[in-house]
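*Asks:* Just passing along the structure, written as structure tokens.
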Amino acid sequence: MKQILIFSVAVFIFSSCSRKEKATVNPFNDPILFAKTVKELNNVVMENNFSPIVASRNYAYASIAAYETISLTDPRFPTFSGRLKQLTPLPRLDTNGVNIPYASLLAFCKVGQSVTFPEGSMKTYVAKLDSMAAESMDKEEIDKSKNLADVVAKHIIDWSKGDYYTQTRTAEKYEVKNEEGRWVPTPPAYMEAVEPHWDMIRPMVMDSADQFVPPAPPAFNVKDTSSKYYKEVMLIKNAIDSLTPEQKHIADFWDDLGTRTIVKGHVSFLKKKFSPTGHWMNIVGIAAEKDKADFGTTVYAYALTSISMFDAFIQCWDEKYRDNTVRPETVINKYFDPEWRPFLETPPFPEYTCGHSTISSAAAEALTSVFGDNFAYTDTSELEFNIPSRSFPSFRAAAIENNWARFYGGIHYHNSCIISNEYGKKVGDLVADKLKSSISKKIN
Amino acid sequence: MFKSLPASQTKVDFVNNPESRDGLSILYYLYYYNGGGVAIGDINNDGLQDIYFSANAKGKNKLYLNKGHFQFEDITDKAGVAGTADWSTGVTMADVNGDGLLDIYVCASSQHHGLKGENQLFINNGNLKFSDSAKKYNLNFSGLGTQAAFFDYDHDGDLDCYLLNHSLKPHQNIKDTSAREVYDSISGDRLLRNDLSATGTFTDVSKEAGIYQSSLGYGLGIAIADFNNDGWDDIYVGNDFHENDYYYLNTGQGKFIESGANHFGHYSRFSMGNDAADFNNDGQPDIFTADMLPPDEKTLKTYGSDENLSTYKFKLTSHGYQDQVSRNCLQRNNGNGDSYSDIALQAGVSATDWSWAPLFADFDNDGKKDLFISSGIVKRPVDLDYIRFVSNLSLKVPENLNSTSKYDAMAIKEMPDGASHPYFFKGDAGLSFIDVSEAWGTENMKGYFNGAAYADLDLDGNLDMVINCINAPAVILQNKAPQKLSIDIKLKGSDKNTFGIGAKVWLFVKGKMQFQQLQTSRGFMSSCAPVLHFGLDSSRIIDSLLVVWPNQKYQVLKNVPGVPVIEISQNNAGGVFNYRSYFPPPPSPLLDITSTFRVGFTHRENSFLDFNKQYLIPHMESTRGPKVAVADVNKDGLDDIFVCGASGNPGQLLIQKPAHQFSPSDTALFNASRESESVDAVFFDANKDGWPDLYVVAGGNQVNDGDPRLADRFYLNDGKGHFTDASAKIPAILKNKSCVAVADMDKDGDEDLFVGGLANATQFGIPQPSYILVNNGSGMFTGAGKNIINLDSTGIVTSAGFADLDKNGWPDLVVGGEWMPLKVFYNTNGKFREADLPKTTGLWQSIYPTDVNGDGLIDFLAGNWGHNSKLWAGKNGPLKLYIKDFDNNGAVEQVMCYTINGEEYTFLAKDELERALPVLKKAYLHYSDVAGKTVQYMFYDLFKGFRELKAELLTSSCFINDGKGGFLRQDLPDALQLSPIFSFTGFSNGSYLAAGNFYGTIPYEGPYDALFPTFMNYNKDTQKWASGQLISNLPGEVRDLKWINQSGKNILILARNNDSLRFFQPQ
């Protein structure tokens, strides 16, 4: 199926050693096509039930591969090497006769699928790109583009291997202990704690996982009714007991629980949705399209946002497994009301701080730096899950709504969301600053 | 042997077609495919057994009158018993009003999903007519009814009623067991006392009787029996899902106390039907509970795996539930209900797919009980690919799951079929059953077989079978077994319990005993006729029959001719039966004197789970302690002991004081190494000063090589019974070790040591070195070099012992371990030559040198993993362990496989393996792609460059020294194969005691808790082993058996992991 092509002259910026290009129509120079490709990876990630934390790797490395490709010929977007931890510059590459957007898409797909299963899960999609190429380019251009994409992809994949992901696959599992205030598995699936050692993953921009350590959470206390903890419990319990339809919509809208388990007797199955990372990647696409951003800017936006979220997860997970705090559901069922249920399904990891809020704030900063503050948009991401769209006056407003969403969902204390918003912002600002481009807008 | 008779012949045309309507299907009602029941009984007392079927639809129950010769007449409408409930479930026959005529009680599932109805009691009016008097009698319960059982729980001569109900509460949210106290109006069981003579009704006495009435109970199986032989009938309830089964013991005073935790190691997880019967002819009622484990590789591997240990412990034990396993359980009663051993795996009856009605009966009349099991489910909801499909479906269809019937139809259609066949197992009155489904004619049947009952329908002396099926005609199986003798015993009660429900009959023929207690509700949702059928094989005379009635009056009939049917009347009974007089317990070789001891130490295991660190390690290696070292360290004539301790709860030296007291001594010294885990220890005089010194082995499989916590400790006795740390005198072996043995191996007058190496805590499977530590005479030890013995990569050693096997005057060394052969190192002049015993790779846990046959040559006993295991049951080739860093990340993974008919299959299913080896996901997305396929297929090109370990033998064995440098291996008796054996000891009369058990497994493998310390004897003339008594009230994981000498008397210490010491005296 051919996409509607957007012809954009402005994108034809080639490096100084360019030669005469082929006819000016470059079907790959289409930011919508890039957004579609990201969505394709999103579908594969969803199909494979990757946890949102792990998925952040897929998006980040794939987007960086695409970015490094366009960076070769777009002076607005200098290479990330030297600014992303341990990313060395690409070898010298000849971009003559290379269809940079096509190569950028190929590099994205190659890196994106190198960590998804089964092998070659984006194969069909890439084949479609290849046939599009065959129709509009000669073999020499195709081959050069593919070779360049391979070199970039390999460089990024090699770099990715140094992030300790592999080592954490066999790291020691979280020890479940019956201690007051300590996280234990939650219904319905009672899954093991996800990624207790994610703090070991090499951040891309932060100097360490604990560069931004939030204050300690309120001390566990279900006896003293004047304690902060007790008040937080009552706040969330009462809120869930009286949710308005709007509040439910907000919670559903930002649920983004990749796989929700439904158990009925012996029948159990998974309901799938985007992860938080997937949701924000979708928002990038929506923003880029609304802004009519060109290919390079779009790629930059994706890269910046995904890197923000990547580091934000590390910051958040570092804190989660420092405190190992128990979820509201466990506390309320045990001490107050065994029949109380959160509105959403509690995800399988400790409560403080809130992952979704953290990465949403980080992503919002990244997007604000690209498209500006007060960039109003309508987020249609959840339509495919039959959840109506929502409109926001700015990315930051969306991030703040996300805070409330996790609270209305009954899965995070309100205080945790506030803190997460603050700290996610710190990560986002750091990333936006370190990785700024000539088109970046000043924020703060 | 069984022939299925068609409806055209029998005129039994009943079919159970579950009612289908919007909002009522397997997606909504979790018991939609449980099926219906069968009740068999002689409703018109004409000597022929009639049949009633219950249906899951309104007005579709049926009653068939038996006209003889397998001809039946449908008299439902005449009799008025078609049923008015929308959905009938269990059915039983009993003479509820005590008028000598069998009544019919039908349960209903209602008050949900639009289903209406009540339980019905069809009182038999005689002349083939019935009237529903449930309301009148207050037996018209309306809710989630499963089955009813009538029995006289209070010995007042009439039949009371236990109502077994199930639940709809979503069990995805696990509540703790305090929820059992919360009354539910449509769930939870009920006990109704028969007060007909006083008030004309039954009285609900559930609360005062201690019966749980909550929605936690998913009651699917009910068995009534006097489990502990105290004369009062008890109740066993099988609960599905995470609620464990209930074992209600009758106090005799109108109350029941649920006591399962004190007597059972574990239950089946998804308990469906059950049956209480004495399957091994020892006079004790045993219990079989049916679950849903598939027998074949392909189906097995498409099911989701059980939880990992950490999640399982949290969901179940943390919330108060007891251990449960997802497979059938055959709970052997170890005597008067003291304890039960689940032997289903060893017996070969653990996996019969989605199973419903187990029934013990002697189908071939050879005097030994056989086992029938119906199985099959219309749709399997647990297939992993199906779950994935439905999950994707819910994405594509733009509505919620609960809304359209079109979506439901799609979802149900794709659910894989779960058709099965009825199983027959032939029993040997011992510990094994053989699947004779093929020979007895049911293997090729295919369908969904639910409630079932047996009776001799054509009065030919053989028991026939009737089965209620879903969406297919009911099955009547005519038993055409070769004629053997049998007897049917009818019991005539003298009170309102006219059919003698609850009466017990012991039958003695030629020195052999059979025992049955009459109960009609059995199996699943069904009941058998109130007749006791005994097979007599070829015996024409029954030596004696002992009949004990519920009121404990009894009678003994001698020399009873083997007529086909006799009726025994309670009017002829008298006296008061005293069980212990008739069946005096055999004197135990050991007297438990634990209560006379005060011990200042209990072993406490730390909470480390090996699986958190090495996801695929076959089982935990971190719970090997405690072993006990014995010596009189202060020479006061009383033996003292050192008991090893786990990390955080250090081992202690306990000095024995008069009057059975053990007090800790030198605690500061031993607490100094509190973070170490000690696994074995031995007292010996290291420096030849005449005082016993102490060597303590460190292990635990928790900390990595090189960690100082792995250092062994050596303590010198100061000559006053106190110790000082002399660890500088031993080499620092900072590795995980397991055992120590002492001998003067170089005959230089001082004692040397062997220390066994176990595992690297991050690389289980890589063979580890072991060590001989040579004593220089003054208690300074150095490791022996390769010129003395090559122990560089001995293996995963668990146990060792020295003995002069070849009688050359030099102590030889026997070493046992996991995934390695038994190794004998022959010693000549202080140099060792290794000789592995061929084909003995196993999972050895203990070595005990002893002269078994008294020929002067030292033999040895070797404890292995046993047969009561998924690793053994149904497998006929070596167990394998493939070690490799499969995903190249520096950590080693282990893939355990078993062999069936020459093909190797992974022990774990793909979903479990994938979690540890994500690289496996690359090739196959669907579980069905690899289910039933070999390990080579699943791992494709990853299956190379591995190290292969194997365990060819899992049988605990005896190795007889042939005096020519070899050993002849013998299996230890079946009763000793019930669990891994960790320790042996010998008695002066030549008998041996073996003990073990092991709980450090993943839930899928299940805890090994079936072996109670058991005696065994070797008959030197026949050269055969026989098992003896067991200590039935001693649960736990026994790690060591050691003797202490106390003022000339020998006392045996039994050391258990995470539990207290027990003390026994031979008598």
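No lab work stands behind these numbers, since they all come straight from the coordinates. Just so you know, these numbers come straight off a predicted model, no measurement behind them. Glycine gets a Cβ as well: all are built from the backbone with ideal geometry, and neighbour counts include every protein chain shown.
*Asks:* Using Cα pairs under 8 angstrom and six or more residues apart, how large is the relative contact order of chain B, in percent?
*Replies:* 9
*Asks:* Now for a different question. How much length would be gained if the chain were fully extended between B:K129 and B:N704, taking 0.36 nm per residue of separation minus their Cα-Cα distance, in nm to one decimal?
*Replies:* Taking 0.36 nm per residue and subtracting the Cα distance, the gain is 199.2 nm.
*Asks:* Calculate the radius of gyration of the Cα atoms of the stretch B:764-911 to one decimal place, then report Dmax, the largest Cα-Cα distance, as a whole number, both in Å.
*Replies:* In order Rg, Dmax, the Cα atoms of the stretch B:764-911 give 18.4, 57 Å.
*Asks:* Rounded to the nearest 0.05, what FRET efficiency do A:S389 and A:S208 give with R0 = 45 Å and r taken as the Cβ-Cβ distance? Could you check?
*Replies:* 0.70
*Asks:* Work through the residues other than A:K173 whose Cβ is under 11 Å from its Cβ and net out their charges, Lys, Arg +1 and Asp, Glu -1.
*Replies:* Summing Lys/Arg as +1 and Asp/Glu as -1 gives -3.
*Asks:* Which of the listed residues, A:S394, A:S420, A:T298, is farthest toward the dipole's positive end in the stretch A:197-434, when Lys, Arg count +1 and Asp, Glu count -1 at the beta-carbon?
*Replies:* Most positive-ward Cα: A:S420.
*Asks:* Hey, fewest Cβ within 10 Å first, where do B:L27, A:L235 land in order?
*Replies:* A:L235, B:L27
*Asks:* Scan the stretch B:11-58 for trypsin sites (Lys or Arg not before Pro) in coil per DSSP, keeping those whose Cβ has at most 16 other Cβ atoms within 10 Å, and list them by number.
*Replies:* Loop-located and lightly packed - B:K11.
*Asks:* Considering every residue in A:192-205, what mean count of other chain Cβ atoms within 10 Å of its Cβ is obtained?
*Replies:* Neighbouring Cβ atoms belonging to other protein chains average 1 per residue here.
*Asks:* Still on this structure: Work out the FRET efficiency for B:A668 and B:E903 from their Cβ-Cβ distance, taking R0 = 51 Å, and round it to the nearest 0.05.
*Replies:* Given R0 = 51 Å and the Cβ-Cβ separation, E is 0.30.
*Asks:* In nm, to one decimal, how far is the modelled label at B:D744 from the one at B:D176, with both set 7 Å along Cα→Cβ?
*Replies:* Spacing of the two 7 Å Cα→Cβ label points: 6.0 nm.
*Asks:* Measure off 7 Å from each Cα along the Cα-to-Cβ vector at A:K223 and B:A1026, then give the distance between these two points in nanometres to one decimal.
*Replies:* With each label placed 7 Å out from Cα toward Cβ, I get 6.3 nm.
*Asks:* To continue, here is another question. What trypsin sites (Lys or Arg not before Pro) in the stretch B:511-584 are in a loop by DSSP, with at most 16 other Cβ atoms within 10 Å of the Cβ?
*Replies:* B:R540
*Asks:* So which trypsin sites (Lys or Arg not before Pro) in the stretch B:709-753 are both in a DSSP loop and have at most 16 other Cβ atoms within 10 Å of their Cβ?
*Replies:* B:K720, B:K747
*Asks:* Do the alpha carbons of any pairs in B:K135/B:K175; A:K228/B:K169; A:K173/A:K434; B:K737/B:K823; A:K110/A:K173 sit beyond 23 Å of each other, and which pairs?
*Replies:* Where the Cα-Cα span goes over 23 Å, the pairs concerned are B:K135/B:K175; A:K228/B:K169; A:K173/A:K434; A:K110/A:K173.
*Asks:* Something else now. Based on alpha-carbon centroids, what's the gap between the stretch B:753-805 and the stretch B:328-388 in Å, whole number please?
*Replies:* Answer, in whole Å: 45.
*Asks:* Distance in nm between label sites at A:K248 and B:K446, each 7 Å beyond Cα in the beta-carbon direction?
*Replies:* Here the answer is 4.6 nm between the modelled labels.
*Asks:* Restricting things to alpha carbons, find the Rg to Rh ratio for the protein assembly as shown using the Kirkwood radius for Rh.
*Replies:* 1.01
*Asks:* Another question about this same structure. Taking the alpha-carbon distance from B:K720 and a cut-off under 23 Å, which lysines remain once sequence neighbours fewer than 8 residues away in the same chain are dropped?
*Replies:* B:K635, B:K657, B:K688, B:K729
*Asks:* To make sure I understand the rule: partners must be lysines, Cα under 24 Å from the Cα of B:K255, and not fewer than 8 residues away in the same chain. Which ones qualify?
*Replies:* Output for B:K255: B:K207, B:K496, B:K504, B:K553.
*Asks:* Here is a further query. In degrees between 0 and 90, to the nearest 10, how far off the longest principal axis of chain A does helix A:414-434 point, with axes built from Cα atoms?
*Replies:* 20
*Asks:* Ok, one more. Compute, for the stretch B:991-1067, the length of the dipole vector about the Cα centre, with Cβ point charges of +1 (Lys, Arg) and -1 (Asp, Glu) only. Units Debye, rounded to 20.
*Replies:* With only Lys, Arg, Asp and Glu charged at Cβ, the dipole is about 340 debye.
*Asks:* State, as an integer percentage, the relative contact order of the stretch A:197-434 based on alpha-carbon contacts under 8 Å between residues 6 or more apart.
*Replies:* 29
*Asks:* Stretch B:N45-B:R947 to full length: gain in nm at 0.36 nm per residue minus the Cα-Cα span?
*Replies:* Answer, rounded to one decimal: 317.7 nm.
*Asks:* Let me ask something additional. Which FRET efficiency value, to the nearest 0.05, do you get for B:N572 and B:D282 by plugging their Cβ-Cβ distance into 1/(1 + (r/R0)^6) with R0 = 25 Å?
*Replies:* 0.35
*Asks:* Can you give the log10 of the normalised intensity I(q)/I(0) at q = 0.08 Å⁻¹, computed with Debye over equal Cα scatterers of chain B?
*Replies:* Debye output, listed in q order: -0.85.
*Asks:* Hey, got the dipole for chain B? About the Cα centre, +1 on K and R Cβ, -1 on D and E Cβ, debye to the nearest 20?
*Replies:* 760
*Asks:* Among the listed pairs A:K39/A:K271; B:K1024/B:K1049; B:K301/B:K880; B:K3/B:K484, which are separated by more than 22 Å between their Cα atoms?
*Replies:* B:K1024/B:K1049
*Asks:* Could you tell me the ratio Rg/Rh of the stretch B:442-534? Both radii from Cα atoms, Rh via Kirkwood.
*Replies:* 1.02
*Asks:* Separate question: Please state the relative contact order of the stretch B:604-716 as a whole percent: Cα pairs under 8 Å, 6+ residues apart?
*Replies:* 22
*Asks:* How many angstrom lie between the C-alpha centres of the stretch B:63-116 and the stretch B:554-570?
*Replies:* A separation of 31 Å, based on Cα centres.
*Asks:* Using +1 at the Cβ of each Lys and Arg and -1 at the Cβ of each Asp and Glu in the stretch B:618-768, identify which of B:S676, B:L654, B:A711 lies farthest towards the dipole's positive end.
*Replies:* Farthest along the dipole direction, towards plus: B:S676.
*Asks:* Follow-up question, since we're still on this one. If the viscosity is 0.890 mPa s and the temperature 25 °C, what translational diffusion coefficient in µm²/s does Stokes-Einstein give for the stretch A:25-165 when Rh comes from Kirkwood over Cα pairs?
*Replies:* 161
*Asks:* Positive end of the dipole of the protein assembly as shown, charges at C-beta (+1 Lys, Arg; -1 Asp, Glu), about the Cα centre: which of B:C644, B:A975, B:S305 has its Cα farthest in that direction?
*Replies:* B:S305
*Asks:* Suppose we take every Cα in the stretch A:197-434 and form the convex hull; what volume per residue is that in Å³?
*Replies:* 131
*Asks:* If you line up the long axis of helix A:276-291 against the longest principal axis of chain A, both from Cα atoms, how many degrees apart are they, to the nearest 10?
*Replies:* So the inclination is approximately 50 degrees.
*Asks:* Grab the Cα-Cα distance for A:T380 and A:D241, subtract it from 0.36 nm times how many residues apart they are, and report the gain in nm with one decimal.
*Replies:* Full extension of this stretch gives 47.2 nm more.
*Asks:* Relative to the first principal axis of the alpha-carbon coordinates of chain B, what is the inclination of helix B:384-396, with its axis defined by its Cα atoms, in degrees from 0 to 90 and to the nearest 10?
*Replies:* Approximately 70 degrees, to the nearest 10.
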